[in-house]
Amino acid sequence: MEESGSRISALEAFYIGQMPPAVYYVPGFITSAEEDFLLQQVYKAPKPKWTQLSGRRLQNWGGLPHPRGMVAEKLPNWLQKYAERISSLGAFEGNVANHVLVNEYRPGEGIMPHEDGPLYFPTVTTISLGSHTLLDFYHPVSRGQHTADEQVTTCQMEQDRHFLSLLVEPRSLLVLSGDMYSCYLHGIRPATSDFIKENVANIASCDSHYGDTLARGTRVSLTIRYVPKVLRTTIALGRRK
Ligand SMILES: O=C(O)CCC(=O)C(=O)O
Ligand SMILES: [Fe+2]
């Protein structure tokens with residue numbers, strides 16, 4: 001489908017204003033039956049497929065992104081279906097997502113503020129399963145020259161750089177592109193519950209309200225992306241006649 005500038009026209013009805021461009025939040029993107037099925041597939045994966053990190057564990061599907069190019073592996077059908085469905089909305093400018101990270105966070109776990117970096121096409125799409133979470137956005141630490149004065153130091157502290165959050169509910173699709181991908185950091189605090197404050201930019205699209213406290217359960221996220229640089233290592237074999 002058409003995309004104009006950094007906006008994704010098929011998702012325009014789900015655009016979240018009052019934030020830097022561009023955030024799209026689609027509640028109920030998948031059904032409960034699809035959610036159950038996807039969770040079953042995630043937990044069916046062989047144990048070595050999991051990588052344990054401090055604060056979460058993950059599965060990598062599609063190959064390992066690398067500056068010289070990713071040795072691509074075919075996505076399993078249960079992920080390919082969603083890679084195609086999301087790509088057909090125009091999320092990757094006509095390309096089809098070829099990489100999925102599955103992250104599992106138990107209550108109290110999270111992910112440090114980070115940027116997703118240059119190995120991916122600068123749009124990230126996330127389906128959430130099992131529980132909500134609160135995704136926090138941060139201004140980057142300024143790279144300008146500073147004297148070691150106390151006020152500057154304070155402004156660089158994590159809580160001062162946090163400017164907005166998004167509530168991501170189970171079964172939702174979140175799409176971040178443009179400046180929201182390239183200019184800011186995102187992270188998830190290692191908390192067991194979330195208090196919904198005025199800085200939750202998409203609250204009008206959610207089932208919850210300001211002032212609610214939401215207990216976290218185990219959340220599994222599917223982060224579906226497009227890695228443009230792929231090594232075509234299988235071509236020689238494929239051409240043999
Ligand atoms: O679980 C999420 O929604 C965020 C995951 C994330 O930021 C990442 O994998 O880069
Ligand atoms: Fe990320």
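With the chain treated as a Gaussian network of Cα nodes joined by springs under 10 Å, which of Val96, Val71, Val200 yields the largest mean-square fluctuation?
Per the Cα network of the chain with a 10 Å cutoff, Val71 tops the list.
Where the centre of each part is set by its Cα atoms, how far does segment 173-237 sit from segment 61-95, in angstrom?
Cα centres, segment 173-237 to segment 61-95: 17 Å.
Helix-only mean residue ellipticity at 222 nm, the chain, DSSP H runs n ≥ 4 weighted -39,500 (n - 2.57), per residue, nearest 500. What is it?
Theoretical 222 nm ellipticity from helices: -4500 deg cm²/dmol.
Calculate how steeply helix 77-87 sits against the longest principal axis of the alpha-carbon atoms of the chain, using the helix alpha-carbon long axis, and give the answer as 0 to 90 degrees to the nearest 10.
Result, in degrees: 60.
Divide the volume of the convex hull of the Cα atoms of segment 156-241 by its number of residues and quote the answer in cubic angstrom per residue.
Convex hull volume per residue, Cα atoms: 184 Å³.
So how strong a dipole does the chain carry about its Cα centre when Lys and Arg Cβ are +1 and Asp and Glu Cβ are -1, to the nearest 20 debye?
1560 debye
Provide the convex hull volume over Cα atoms per residue for the chain, in Å³.
160 Å³
How much of the DSSP beta bridge set in the chain is antiparallel, as a percent to the nearest 5?
95 percent
Got a sec? Charge dipole of the chain, +1 on Cβ for Lys and Arg, -1 for Asp and Glu; which of Leu58, Thr213, Val26 is way out at the positive end?
Of the listed residues, the answer is Leu58.
Report, please, the projected area of segment 1-102 averaged over directions, based on the convex hull of its C-alpha atoms, in nm².
The orientation-averaged projected area of the Cα hull of segment 1-102 comes to 8.8 nm².
If I build a Gaussian network model for the chain, linking alpha-carbon pairs within less than 10 angstrom, which residue out of Thr31, Thr126, Thr192 has the largest mean-square fluctuation?
Checking each option, the largest mean-square fluctuation is seen for Thr31.
Student exercise: in the chain, how many lysine pairs 8 or more apart or on different chains have Cα atoms under 21 Å apart?
Taking the chain as the scope, the lysine pair count is 6.
Select from Leu166, Ala204, Gly69 the residue farthest towards the positive end of the dipole of the chain; place +1 on Cβ of Lys and Arg, -1 on Cβ of Asp and Glu, and compute about the Cα centre.
Gly69
Could you tell me how many degrees, from 0 to 90 and to the nearest 10, lie between the Cα long axis of helix 32-44 and the main elongation axis, the longest principal axis, of the Cα atoms of the chain?
Roughly 70 degrees between the two axes.
All of the numbers you see were taken from the coordinates with simple rules; none came from a lab. Predicted, not measured: the structure shown is a model, and the values here were computed from it. Because the Cβ atoms are built from the backbone with ideal geometry, glycine has one as well, and the counts that use them run over all protein chains shown.
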